[in-house]
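Okay, so here's the structure we're looking at.
The values are calculated or read from the model by the stated rules, or taken from the named source; none is laboratory data. In this text, all values refer to a predicted model and were calculated from it rather than measured experimentally. A quick note on method: Cβ atoms are made from the backbone with ideal geometry, for glycine too, and the neighbour counts reach across all protein chains shown. Keep in mind that these areas ignore ligands, DNA and RNA; they rest on the heavy atoms of the full protein, side chains included. Shrake-Rupley method; radii C 1.70, N 1.55, O 1.52, S 1.80 Å.
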Amino acid sequence: RSTTTHHESVVQKGGCLMLCWCGVLLLLLSSRVSGESFASFHEKLFREEEDVGVVSDVESDVQFASTITLAGQTISIRGHHQPWLLGGSEARLFNLTRSTTLRLRGLGLRGARLSGGAWIDLGGCLSADNSRVVLENVTVADCAATRGGAVYLRASVLDASASVFRNNSAVRGHGFIPVRSGAVVFLAHQSKATFRSSRLQDNRADTMHGGVAYADEASEVEAWDSSFDSNVAFSQGGVAWLRGASSFLADSSTFDTNAAKLGGVVFATGQSVVTITHSTVKRSFAKSEGGVAYFGEQSTGTFEVSRFEENFAEDGGVARVADATLTATGSKFVANVGNTTGDVVHVSDTATAQFYDVTFRQQTNTIRCTASGTVYAAAVRLELNDTFRLDPACVLFLYRANDDGSKEFQRNMSRTDGVVEPGLNVNWVHWTVPCGPGQYSSDGLVHNEATNANDPGCGSYPQKPCPMDCKTCPNGRYLPFTLDRYRHVGEAACLKCPPGRSLDDNGTGDWRRHDGPEDCVECEEGRYAGSVDLGETTCTPCEIGDFQDERGKSSCVRCPAPLTTKRRKSTFCDACHASYYWDTQYFEDEFPTSTQFENGLQCVDCCKRCETLCAGDDEACVHCDEPGTELPTLEVRQDRWRTGPRARVVYRCELEAACLGGASSADSDRCREGH
């Protein structure tokens, strides 16, 4: 009986505990399902005055009843246990205007539940005009709009870190909507979107462009250490679509299985710029052209130290380049497929493709050139079945393929399975190498003991000297990377730094200090750099009497008399000419937080009839014959005195020869011994 009772008691207690835990769980689930009321959430955001930053904590889901509009505010919303802000009533979550800053952390954003053919135009979850959005550890999902499925930016900034964007879409609206693009973000009017350590997956531009981003009007998209997987655009740019001098930068990122009709990852036109560096791009797909990228209308693409593998397009397995430029350095291209032409790249319409220190593997129709395109390839590694197919109007400059320019490789060049298909009347091979970045020579080519062997008779008699080897551009000049030898001919090929910037390699001759405009360093305050033609290649300090309070200037400004400066490299006028002294007290009183001058009022005349300075006397009571004299060290004449270093009045000594005078504060009120 005792044992039975004990077990029954344990069972009863266990049952109570189970009921208690179930009750707590149901309470938590109930709280999670019902969430915080929209009215309560709205009240939190507006409990302060508009111009005061508000921090709001959210612990459960919030179902929005309408769009919240923020104007000129700074709002931070923090989530605990990843609650969701849920769109409702067929409207976006937030509308930001007038320099608003919205910071979201530890939250989920989900778009409105659209029904009956309803649609949102600008930004399915967020719309920002002249504002800033900061997302940290935020998931943005199921947002939809015609422009910017999740976010619409106009003259605004999106900064997302450790965040996830999935299943967002740019959809078709009612009537004529010319742009249905940017499944995650639509950028206009110099906006910028940055993704750091974020994941963008399964986003779709169902009818137009930009499976992730659509950028126009000089806007910028950057991705750092992020991943882009299975994003799709119906027409152009599986990840990004660029126009109007916009840019896309991906650094240390991965791209997998993105797709579009043109440009499986990126479509660039209208002088836009694409940079993919230290990244991996694989299994991208373009139904028509450019498995990874399509470049057109004077756009520019750069691939640096990246790997491109198993990408596919009908034309240009990795890239289609038309009236544009592509440069690839230190990269690998493996098993890419252009189904009809150009497993790696198809170049046409005066376009240029440059490959340096690049490896091609498992491709048969590696490069295709049509119309009047140009291809440069130096220090490339090829397999014998890698072919370059060129129309007669194309030009191929091939420098040191497989690193050696060997006879075996040269023999293979003419075989039917060689690098260049036979029978093409093109200028297609050079065994020398063009000068590298930041360098020039008399003919734009490298010349040394090895390469001169390719020029029989070079140096054997005076009438045929060997051309000079490549030299580094002189100070004040630079030359960006290019494999076009003709852009390395002569010192004049080196470009000049603009006024206000300097370039000085300190005599090292290091070409890496001359290989791009970024090497031209902006002069700091107190210095200037004029014209390179005048030999002004370094930032020169302003001379005494001149100043410069801005960076990047081509000259200094003369101090208006009677102002001058104490020393060179001055950023403001801080002294006076001879016959004046600098009234330190006036300067501190009138300009306590500034280093600027105003009409020279702090310079006081030391003339013989200075009634204010010399109390009760018309004769000069101080010495200030040298420039740079200041009030604290003003030299008081003998038989004169003042009360201290900041005193602006000098008195005559009542007893003749009793006052010693002097220049220091200790001397100016010193009496002769015995007085």
*asked:* Looking only at residues that are outside any strand (DSSP E or B) and either in contact with a Lys or Arg (Cβ under 6 Å, 6 or more places away or on another chain) or of a type in the set (Lys, Arg) (or both) in the range 460-492, which one is modelled with the lowest pLDDT?
replied: Lys464
*Looking only at strands (runs of 3 or more DSSP E) that fall completely inside the range 321-393, which ones have 1 or more residues that are β-branched (Val, Ile, Thr), within 16 Å of Asn311 (Cα to Cα) and open to solvent by 10 Å² or more (accessible area, probe 1.4 Å)?*
332-334, 337-341, 359-361
*Counting just the residues of the range 198-227 that are within 17 Å of the chain's Cα centre (by Cα) and of a type in the set (S, T, N, Q), which one comes out nearest to Arg110 (Cα to Cα)?*
Ser226
*asked:* Looking only at the range 500-553, how many residues end up being more than 30 Å from Glu626 (Cα to Cα) and open to solvent by less than 40 Å² (accessible area, probe 1.4 Å)?
replied: 15
*asked:* If the requirement is being open to solvent by 30 Å² or more (accessible area, probe 1.4 Å), at pLDDT 90 or above, among the β-branched types (Val, Ile, Thr) and within 15 Å of Val221 (Cβ to Cβ), which of these qualifies: Val157, Val133, Val151?
replied: Val157
_Are there strands (runs of 3 or more DSSP E) fully within the range 210-320 with at least 2 residues that are of a type in the set (Phe, Trp, Tyr)? List them._
293-296
*Tally the residues that are open to solvent by less than 40 Å² (accessible area, probe 1.4 Å) and of a type in the set (Val, Ile, Thr), restricting the search to the range 65-89.*
3
_Matching residues, the range 619-638, being assigned to a loop (DSSP other than H, G, I, E, B), charged (D, E, K, R) and at pLDDT 80 or above_ = Arg637
